[in-house]
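Visitor: Dropping the structure in here first, questions after.
The values are calculated or read from the model by the stated rules, or taken from the named source; none is laboratory data. For clarity, every value in this text was computed on a predicted model and none was experimentally measured. A quick note on method: Cβ atoms are made from the backbone with ideal geometry, for glycine too, and the neighbour counts reach across all protein chains shown.
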Amino acid sequence: MQNHPVFTDNDPQNETSTLNLGPTHPATHGVFQNVLELDGERIVSGVSTIGYIHRAFEKIAEHRPFYQITPLTDRLNYCSSPINNMGWHMTVEKLLGIQLPKRVDYLRVIIMELARISDHIVCNGVLGVDTGAFTGFLYMMQWREHIYEIYEEICGSRLTTNIGRIGGFERNFNDIAFAKIKSFLTGFPPVLKEFEALFTRNRIFVDRTKDVAAVTAEDALSYSWSGPLLRAAGVDYDVRAQEPYSSYQDFDFEVPVGSNGDVYNRFLVRNEEMWQSLRMIQQAMDMIAKEDSSIFHANVPEFYLPPKEEVYNNMEALIYHFKIVMGEIDTPTTEVYHSVEGANGELGFYLVNDGGRSPYRLHFRRPSFINYQMYAPMSRGMLLSDAIINMSSLNVIAGELDA
Amino acid sequence: MAKVSNEELLQQLTAKLGDVFTNEGEPFGLLTIETCRDNIIQLLTVLKNDLNFIHLTDITAVHYPEKEKQFAVVYHVHDLAGGVRIRVKVALATEDVHIPTAVNIWDGANWMERETYDYFGILFDGHPDLRRILNVDDMTAFPMRKEYPLEDPNRIDKKDYFFGR
């Protein structure tokens, strides 16, 4: 910005003003503090402060047995907890060398893709709210509710799901769950289509988002971005496609890629990912129909907690229950890195094990934490209102940011 | 394009760098090498520029109080196009926890190193802004070190006698 010629250096017109954006500001959708230097409406510089809901999960995890760490992972990205839960289960299964039956894998894919849809519903809906359109958000929120009802049918809880166990699921999906998934598959596509019709070619929305906060692929890679943000910048990296876990290799899906990494591209990539997730859920439903419907966990009694009625009535189950709970079972002394494609990017678990019942060290590679660090540098020179939209489309979830 | 095998990768690294690292095996197929802190920047630069490991996945550390060099700084680096990952470790002694920063190679290393400093007190030399990131600024301890207790040992409100036990 050029200074006005008649003003001298210490004139108030040349001063910048400091704005505390957050930590609790309705436009930031979470506890994010950014101290911004503003020249009028333009951001000169910014400093991000994070850690407001740091809960020391990595330290707590060192004191908990493996199966009690799942509830911690719920609270990372709480908009798509099942993906975190499954990622953790798969990390431990990789460590222990547990092979899952195909049906369990497919059930997991259904849950993970539903979680991805629910996360993208929130992100894209809120992006609409931030650009001034409330309708799409409320319309889509109803369908997130339907997804939560499916979770509820499967595991009993909605937000922090604690879904599944090491080795499979705690119980089989019931008929109501399948009925709800089917009705979601038929009911959601028309809604998503209408949602797209509301936004994709909406003049106001396009003007507000196009070329806003554009990120080159080089920058995105240098800042270790992953997930929809990296793909919107034009890099076709998706963990599901490159290192298929949980039988993703059996599925036919496409990885949508954007071109210039702006807010509009991110919106389009997330929308297309929802369509692809729907495709995968449909395929999984078809494949499950061919599998034995009684299988919902692997046959690994030394790691999979037996049902309570068995514990009370069956000696072997009682012994295994005791051994699992008391940590009497040896685990390999090694280290494992496992990553899943979370809704925000590569969610990694680096687990160092010393053979005990709890991890020696557990580190979460949290995509929100890593994606968010570009926020302050990329806000330089941006309008404040654009920076708000940018934060919204980065979809930073405070729980995942701070762990 | 076929995936580069770990043996080929080791050969390529040795050809570029010579004998500056040791092979620490490949748990679950992920090649792990260890180097010293004088060579880490050169190693990471070669990985990024010559061997196409363009994506820094993660930086963290592990504390092994029983080892002679108690801290291991762990880098996970990823060749996105080839689909190959590599893990690089550097062992540091407690009295000298300095290691050069990787911020000049990847911008994304900035917060990862701040987090590692915050948790373990590892000092990344040359880092532009090495402050605590998740914990409060006036904290004096490094909480992920093994000697740091999970709960305050002086706390009495959780003692059994308060619960009639």
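Here is a yes/no grid of residues against (1) outside any helix (DSSP H, G or I); (2) modelled with pLDDT of 90 or more:
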position: A:Ser48; (1), (2): yes, yes
position: A:Pro71; (1), (2): no, yes
position: A:Leu76; (1), (2): yes, yes
position: A:Asn85; (1), (2): no, yes
position: A:Val109; (1), (2): no, yes
position: A:Leu114; (1), (2): no, yes
position: A:Asp119; (1), (2): no, yes
position: A:Val129; (1), (2): no, yes
position: A:Gly132; (1), (2): yes, no
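Visitor: Based on what the data block shows, is B:Ile54 within 13 Å of chain A (Cβ to nearest Cβ) and within 11 Å of the chain's Cα centre (by Cα)?
Guide: On the way: within 13 Å of chain A (Cβ to nearest Cβ): yes; within 11 Å of the chain's Cα centre (by Cα): no.
Here the answer is no, as B:Ile54 does not meet what is asked.
Visitor: A further question on this structure: When you check B:Gln42 against the structure, is it over 17 Å from the mean Cα position of the chain (by Cα), in a helix (DSSP H, G or I) and not charged (D, E, K, R), yes or no? Spell out the reasoning first.
Guide: Working: over 17 Å from the mean Cα position of the chain (by Cα): no; in a helix (DSSP H, G or I): yes; not charged (D, E, K, R): yes.
It is false that B:Gln42 is over 17 Å from the mean Cα position of the chain (by Cα), in a helix (DSSP H, G or I) and not charged (D, E, K, R).
Visitor: Answer yes or no: is there a residue in the range B:13-25 that is within 25 Å of B:Met144 (Cβ to Cβ), surrounded by fewer than 16 Cβ atoms within 10 Å (Cβ to Cβ) and either touching an Asp or Glu at 6+ places or on another chain (Cβ under 9 Å) or not hydroxyl-bearing (Ser, Thr, Tyr) (or both).
Guide: Looking only at the range B:13-25, we keep the residues that are within 25 Å of B:Met144 (Cβ to Cβ), and these are B:24-25.
After this cut, where a residue has to be surrounded by fewer than 16 Cβ atoms within 10 Å (Cβ to Cβ) as well, the list is B:24-25.
Imposing the further condition that a residue be either touching an Asp or Glu at 6+ places or on another chain (Cβ under 9 Å) or not hydroxyl-bearing (Ser, Thr, Tyr) (or both) reduces the set to B:24-25.
The answer is yes; a qualifying residue exists.
Visitor: For the range A:147-169, give me the residue count where each residue is under 27 Å from A:Asp286 (Cβ atoms) and surrounded by 17 or more Cβ atoms within 10 Å (Cβ to Cβ).
Guide: So the count comes out to 13.
Visitor: Same structure again: What number of residues within the range B:30-53 satisfy the criterion of being closer than 24 Å to A:Leu221 by Cβ and loosely packed, with under 13 Cβ neighbours inside 10 Å?
Guide: Qualifying residue count for the region: 1.
Visitor: Considering B:Tyr75, B:Tyr119, B:Tyr148, which residue is within 10 Å of chain A (Cβ to nearest Cβ), aromatic (Phe, Trp, Tyr) and either touching a residue at least 60 places away in the same chain (Cβ under 8 Å) or surrounded by 20 or more Cβ atoms within 10 Å (Cβ to Cβ) (or both)? Quick ask: steps written out before the conclusion?
Guide: Values: B:Tyr75 fails: within 10 Å of chain A (Cβ to nearest Cβ); B:Tyr148 fails: either touching a residue at least 60 places away in the same chain (Cβ under 8 Å) or surrounded by 20 or more Cβ atoms within 10 Å (Cβ to Cβ) (or both).
Step by step, each of B:Tyr75, B:Tyr119, B:Tyr148 is checked, and only B:Tyr119 is within 10 Å of chain A (Cβ to nearest Cβ), aromatic (Phe, Trp, Tyr) and either touching a residue at least 60 places away in the same chain (Cβ under 8 Å) or surrounded by 20 or more Cβ atoms within 10 Å (Cβ to Cβ) (or both).
Visitor: Being at pLDDT 90 or above and of a type in the set (Asp, Glu) narrows it down to one of A:Glu58, A:Glu15, so name that one.
Guide: Working: A:Glu15 fails: at pLDDT 90 or above.
On inspection, the qualifying residue turns out to be A:Glu58.
Visitor: What pairs can you find where one residue is in the range B:42-58 and within 21 Å of A:Tyr350 (Cα to Cα) and touching a residue at least 40 places away in the same chain (Cβ under 8 Å), the other is of a type in the set (S, T, N, Q) and in a helix (DSSP H, G or I), and their Cβ atoms are less than 9 Å apart, with a gap of 6+ or different chains?
Guide: B:Leu56/A:Ser222
Visitor: Tell me yes or no: at least one residue of the range A:153-170 is in a helix (DSSP H, G or I) and touching a residue at least 40 places away in the same chain (Cβ under 8 Å). I'd like the intermediate steps shown before the answer.
Guide: Filtering the range A:153-170 down to residues in a helix (DSSP H, G or I) leaves A:153-155.
Add one more test, that the residue is touching a residue at least 40 places away in the same chain (Cβ under 8 Å), and what stays is A:154.
Yes, that holds for at least one residue.
Visitor: Given the criterion under 14 Å from A:Arg231 (Cβ atoms) and either crowded, with 19+ Cβ neighbours inside 10 Å or not hydrophobic (A, V, I, L, M, F, W, C) (or both), identify the matching residue among A:Glu291, A:Glu309, A:Glu272.
Guide: Numbers: A:Glu291 fails: under 14 Å from A:Arg231 (Cβ atoms); A:Glu309 fails: under 14 Å from A:Arg231 (Cβ atoms).
The conditions single out A:Glu272.
Visitor: Here is a list of conditions, (1) among the acidic types (Asp, Glu); (2) in a helix (DSSP H, G or I); (3) exposed (fewer than 14 other Cβ atoms within 10 Å of the Cβ), and A:Glu196 meets all of them except one; can you say which number that is?
Guide: Only one criterion in (1) among the acidic types (Asp, Glu); (2) in a helix (DSSP H, G or I); (3) exposed (fewer than 14 other Cβ atoms within 10 Å of the Cβ) is unmet by A:Glu196, namely (3).
Visitor: May I ask you to say which residue of A:Ser48, A:Ser81 is buried (at least 17 other Cβ atoms within 10 Å of the Cβ), among the polar types (S, T, N, Q) and over 17 Å from A:Phe169 (Cα atoms)?
Guide: The match here is A:Ser48.
Visitor: Among the listed residues A:Ile98, A:Ile60, A:Ile69, identify the single one that is among the β-branched types (Val, Ile, Thr), within 10 Å of chain B (Cβ to nearest Cβ) and over 19 Å from A:Arg116 (Cα atoms). Give the steps one after another, and end with the answer.
Guide: Details: A:Ile98 fails: within 10 Å of chain B (Cβ to nearest Cβ); A:Ile69 fails: within 10 Å of chain B (Cβ to nearest Cβ).
Going through A:Ile98, A:Ile60, A:Ile69 in turn, the sole match is A:Ile60.
Visitor: Checking A:Ser358 against (1) within 22 Å of B:Ala72 (Cβ to Cβ); (2) at the interface with chain B (Cβ under 9 Å from one of its Cβ atoms); (3) hydroxyl-bearing (Ser, Thr, Tyr), which test does it fail?
Guide: (2)
Visitor: Report, by residue number, each residue of the range A:199-215 that is assigned to a loop (DSSP other than H, G, I, E, B) and either at pLDDT 95 or above or not hydrophobic (A, V, I, L, M, F, W, C) (or both). Before you say what the answer is, go through the steps one by one.
Guide: Looking only at the range A:199-215, we keep the residues that are assigned to a loop (DSSP other than H, G, I, E, B), and these are A:200-202, A:210-215.
Of everything in the range A:199-215, those that are assigned to a loop (DSSP other than H, G, I, E, B) and either at pLDDT 95 or above or not hydrophobic (A, V, I, L, M, F, W, C) (or both) turn out to be A:Thr200, A:Arg201, A:Asn202, A:Lys210, A:Asp211.
Visitor: Can you name the residue in the range A:222-243 that is more than 11 Å from chain B (Cβ to nearest Cβ) and part of a loop (DSSP other than H, G, I, E, B) and, of all such residues, is surrounded by the most Cβ atoms within 10 Å (Cβ to Cβ)?
Guide: Taking the range A:222-243 first, the residues more than 11 Å from chain B (Cβ to nearest Cβ) are A:227-229, A:231-234, A:240.
Filter once more, so that each one left must be part of a loop (DSSP other than H, G, I, E, B): A:233-234.
Values: A:Ala233: 25, A:Gly234: 16.
Applying the filter and picking the extreme gives A:Ala233.
Visitor: Being under 15 Å from A:Glu93 (Cα atoms), at the interface with chain B (Cβ under 9 Å from one of its Cβ atoms), surrounded by 19 or more Cβ atoms within 10 Å (Cβ to Cβ) and hydroxyl-bearing (Ser, Thr, Tyr) narrows it down to one residue among A:Tyr337, A:Tyr372; which is it? Explain how you work it out, then say what you get.
Guide: On the way: A:Tyr372 fails: under 15 Å from A:Glu93 (Cα atoms).
Matching residue, one of A:Tyr337, A:Tyr372: A:Tyr337.
Visitor: Another question about this same structure. Check B:Gly25 against each of (1) at pLDDT below 90; (2) over 19 Å from A:Val352 (Cβ atoms); (3) within 10 Å of chain A (Cβ to nearest Cβ) and name the one condition it does not meet.
Guide: Condition (2) is where B:Gly25 drops out.
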